[in-house]
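> Take a look at this one; I'll ask things after.
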Amino acid sequence: MGAELLSATTNNNSNGNKEAPLVLGMQASALVDHVARVDCSLLDQIPGERGGSIPVAVEELGHILSEVKNHILQSPDESSPVKTLAGGSVANTIRGLSAGFGISCGIIGACGDDDQGQLFMSNMSSNFVNLSRMRMKKGSTAQCVCLVDDLGNRTMRPCLSNAVKLQADDLNREDFKGCKWLLLRYGIINLEVIQKAIQIAKEEGLSVSLDLASFEMIRNFKGPLLKLLESGNIDLCFANEDEATELLRSCRDEENVEPEVAVEFLGKHCKWAVVTLSCNGSIAKHGKEIVRVPAIRVANATDATGAGDLFASGFLYGLVKGLSLEECCKVGSCSGGSVVHALGGEVTPENWHWMYKQMQVKGLAVPDIGM
């Protein structure tokens with residue numbers, strides 16, 4: 001397939017190639033995020049609704065990036081007006097699990113043989129993520145511009161045009177052998193590789209987690225998503241309030257959807273169902289148990305990018321450690337709150353320590369990772 005396997009990096013809690021990572025994230029295309037705080041007039045100029053994520057062409061990405069400098073909201077806490085780092089929902093979650101919780105993690109996908117691809121690999125490696133399952137291919141690495149408004153809400157415009165990506169034929173059983181969890185994000189352009197990954201994961205005894213991606217993705221491609229959920233192969237499903245509302249609106253023609261209704265619907269198809277509710281916390285279901293946990297109050301939130309992804313990091317950490325459903329949500333609340341203090345979906349060392357203090361306040365055991 002013209003792909004080259006990259007050499008492994010070693011997690012501080014794993015043995016590189018000798019020991020499979022406990023959690024494996026699949027992100028078909030490595031992605032580099034360009035995150036900036038901008039005024040609302042720029043959001044009015046770009047295609048699509050505010051707050052969502054819709055793909056744009058290379059030319060549109062270039063245009064948005066060129067306009068960013070004219071709409072920057074200056075912040076004394078940021079050394080650079082635009083932050084560039086490895087991105088993508090799965091990458092954010094995996095990086096958080098590895099760096100903040102010390103869980104052995106790996107990522108499978110493809111990156112281009114360009115500077116953006118090198119940046120992605122370097123960023124993930126520095127956070128102890130095992131890269132031995134990544135494929136390097138000739139071509140451009142995918143990019144995404146993340147525009148953050150003055151309230152901390154983000155609008156994302158990924159550019160996947162001509163970007164290299166993992167194909168279903170690239171996957172083999174060795175990629176999954178010995179792992180316990182597979183993390184996925186729904187996306188119609190990656191449907192074939194998602195289906196193949198789920199098939200192999202189930203044959204190898206892995207549990208599967210699925211993030212619902214965005215309300216636009218659900219609105220436009222509801223059918224394939226429902227088939228995935230109804231297959232019974234999705235063990236854990238994460239959705240934010242907008243995504244859950246869009247899913248039920250499409251299925252039941254309901255305009256106003258209560259979170260309890262949404263989590264009940266997802267819980268019919270998955271062992272664990274989680275709906276995050278932004279400042280109102282989260283609601284989760286496992287079997288007959290339903291819990292609702294408030295959000296942590298965060299002063300001076302800068303950027304909501306990655307909050308849901310990092311919530312997933314904390315929740316998955318709880319599952320791996322055998323915590324109760326309520327405790328899983330509490331850890332998720334702490335980790336989700338840790339990332340909103342700065343731009344981008346990566347938590348700084350200072351904000352990891354903030355999270356550990358929040359966990360202690362809530363009576364949760366802090367990860368022992370030597371920090």
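> Could you run the Karplus curve 6.51 cos²θ - 1.76 cosθ + 1.60 with θ = phi - 60° over region 20-36 and give me ³J(HN,Hα) per residue in whole Hz, x for Gly and Pro?
These are the phi-based 3J(HN,Hα) values: 5, x, 5, 10, 10, x, 10, 10, 3, 10, 4, 9, 10, 8, 10, 10, 8 Hz.
> Provide the gained length on full extension for the span Asp44 to Lys177, in nm with one decimal, where the gain is 0.36 nm per separating residue minus the Cα-Cα distance.
Using 0.36 nm per residue and subtracting the Cα-Cα distance, I get 43.2 nm.
> Between the alpha-carbon centers of region 83-107 and region 225-245, tell me the distance in whole angstrom.
Answer, in whole Å: 22.
> Still on this model: Say each of Ser324 and Lys268 gets a label point 7 Å from the Cα, pointing the same way as Cα to Cβ; how far apart are those two points in nm?
About 2.9 nm separates the two model spin labels.
> Using 7 Å Cα-to-Cβ label points, what is the Lys69/Asn280 separation (nm, one decimal)?
Modelled inter-label distance: 4.3 nm.
> Distance between Cα centroids, region 190-223 to region 257-298: provide it in whole Å.
Cα centroid of region 190-223 versus Cα centroid of region 257-298: 20 Å apart.
> Also: Need one word for region 237-353: rounded, prolate or oblate. Basis is the Cα gyration tensor (sqrt eigenvalues a ≥ b ≥ c); a/c below 1.5 gives rounded, then a/b vs b/c decides. Each step should come with its number before you reach the end.
On the way: a/c = 2.34, a/b = 1.45, b/c = 1.61.
Oblate is the answer for region 237-353, as a/c is 1.5 or above yet b/c matches or exceeds a/b.
> When the Cα centres of region 25-57 and region 306-371 are compared, how far apart do they sit, in Å?
Answer, in whole Å: 25.
> Something else now. Based on the Cβ-Cβ distance from Ser126 to Arg219, what FRET efficiency comes out when R0 is 35 Å, to the nearest 0.05?
The pair Ser126/Arg219 has a calculated efficiency of 0.45.
> Here is a further query. At most 12 other Cβ atoms within 10 Å plus a DSSP loop assignment makes a site exposed; report the longest stretch of the chain without any exposed GluC sites (Glu not before Pro).
50-254
> Taking θ = phi - 60°, what integer Hz values does the Karplus form 6.51 cos²θ - 1.76 cosθ + 1.60 yield along region 204-212, in sequence order, with x for Gly and Pro?
Listing the rounded values in order: 9, x, 7, 7, 10, 10, 10, 9, 7 Hz.
> Right, something else. Can you spot the lysines whose alpha carbon is less than 27 Å from Lys180's alpha carbon? Ignore those fewer than 8 places along the same chain.
Lys18, Lys165, Lys196, Lys202, Lys227, Lys268, Lys271, Lys285, Lys288, Lys321, Lys330
> Run down the aspartates and glutamates and flag those whose C-alpha is under 15 Å from the C-alpha of Lys362, throwing out any fewer than 8 positions away in its chain.
Straight-distance partners of Lys362: Glu326, Glu327.
> Would you kindly derive the ³J(HN,Hα) couplings of region 325-338 from the backbone phi angles with the Karplus curve 6.51 cos²θ - 1.76 cosθ + 1.60 (θ = phi - 60°), listing them in order in whole Hz, with x for Gly and Pro?
My calculation for region 325-338 gives 4, 5, 5, 4, 5, 5, 5, x, 5, 5, 6, x, x, 6 Hz in order.
> Would region 103-153 count as rounded, prolate or oblate if I go by the C-alpha gyration tensor, calling it rounded below 1.5 in a/c and otherwise prolate when a/b exceeds b/c, oblate otherwise?
oblate
> Also: Under 5 Å between amide hydrogens, which residues at least 5 positions from Ser29 or on another chain qualify, with H placed 1.01 Å from N in the peptide plane?
So Ser29 has HN proximity to Ala110, Leu166.
> At 7 Å along the Cα-to-beta-carbon direction for both His353 and Glu260, put a label point, then send me their distance in nm to one decimal.
Using points 7 Å along Cα→Cβ, the separation is 4.3 nm.
> How many percent of all Cα-Cα pairs in the chain sit more than 27 Å apart?
Working: 29886 of 68635 pairs.
Cα-Cα pairs in the chain separated by more than 27 Å: 44 percent.
> Normalising by the residue count of the chain, find the relative contact order in percent from Cα pairs under 8 Å and 6+ residues apart. Let's see the in-between values first.
Working: 827 pairs, mean separation 64.1, N = 371.
The normalised contact order for the chain reaches 17 percent.
Values in this text are rule-based calculations from the coordinates and carry no lab data. Predicted model only: the values in this text are computed from it and were never measured. Cβ sites come from the backbone with ideal geometry, for glycine too, and all protein chains shown count toward neighbours.
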